[in-house]
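> Can you read through this structure? Questions will come right after.
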Amino acid sequence: MTETAVHPGLTAGIWTIDPAHSEITFSVRHLMTTVRGSFTDFGGSIEIADDPFLSTATAEIAIESIDTRNTERDAHIRSSEIMDMANHPAMTFTATGVAPARTGRRARHPRYGVDGDLTIRDITRPVHLITEFHGTSVDPWGGLRAGFTASTRILRSDFGIQFNVPLQGDRLVLGDEIEIGLEIQAVLADG
């Protein structure tokens, strides 16, 4: 069965990420709870190949656009202790492979594994995103849109981010694991 038969409307071509209708979020353990944040300035594209499993994607996220709803914390995250925005103003992602993923009982949409390279602070590590395709639809302006949800987990220490504050016993202020969530709308570029 071809991918087109499984996903009508997912036309081969370049799909541009629409940041106004997309979001990049993250969460990390802080003390005994979880702090959540987002990046508001990002862009990229998805190139759907005739064989969708040969598709590629790229994205760039501006570190300056981090928003955890606390300006002091955001400034600290941008500092050289954490993201080092002065020397590394953006992080990037490049997809290196797409494959069908196991679909759980609760999954409403087809799932795929998207492998790629994530670069933060000039350190590149492989990541694996579990991705759901939500279908396509024509928007009010005549553009064809596709929707995707993706998630992954990374260790900030893998990217050279070691900052922490020790607490009583062997605990630390910040967890090492970062959960990342993507809600992406992309628009098919005019041929």
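The values are calculated or read from the model by the stated rules, or taken from the named source; none is laboratory data. This one's a predicted model, so the numbers in the text were calculated from it and none came from an experiment. So basically every Cβ, Gly included, is an ideal-geometry build from the backbone, and we count neighbours across all protein chains shown. All accessible areas refer to the heavy atoms of the entire protein, side chains included, with ligands and DNA or RNA removed. Shrake-Rupley method; radii C 1.70, N 1.55, O 1.52, S 1.80 Å.
> At 1.4 Å probe size, with the rest of the protein present, what percent of the exposed accessible area of the chain is carbon and sulfur atoms?
Carbon with sulfur: 53 percent of the solvent-accessible area.
> Here is a follow-up. Given labels modelled 7 Å from the Cα in the Cβ direction, how far is it in nm from GLU23 to ARG125?
In this crude spin-label approximation the distance works out to 2.5 nm.
> For segment 76-95, list residues with backbone N below 20 Å from a point placed 7 Å from the Cα of ASP117 toward its Cβ?
Backbone N within reach: 88-95.
> Now for a different question. With every protein chain left in place, what is the accessible area per residue of segment 18-86 in square angstrom, probe 1.4 Å?
I get 56 Å² per residue for segment 18-86.
> Same structure, new question: Under the Karplus relation 6.51 cos²θ - 1.76 cosθ + 1.60, θ = phi - 60°, what is the ordered set of whole-Hz ³J(HN,Hα) values for segment 175-181, x standing for Gly and Pro?
Those phi angles translate into x, 7, 7, 10, 8, 10, x Hz.
> Mind ordering 66-78, 50-62 by average Cβ neighbours within 10 Å, highest first?
Ranked by mean Cβ neighbours within 10 Å, highest first: 50-62, 66-78.
> Using a 1.4 Å probe and ignoring any ligands, DNA or RNA, find the accessible area of HIS21 and quote it in Å² to the nearest 10.
100
> Can you find, among ILE24, LEU155, MET85, the residue sitting farthest towards the positive end of the charge dipole of the chain, where Lys and Arg contribute +1 and Asp and Glu -1 at Cβ?
Result: LEU155, furthest along the dipole toward the positive end.
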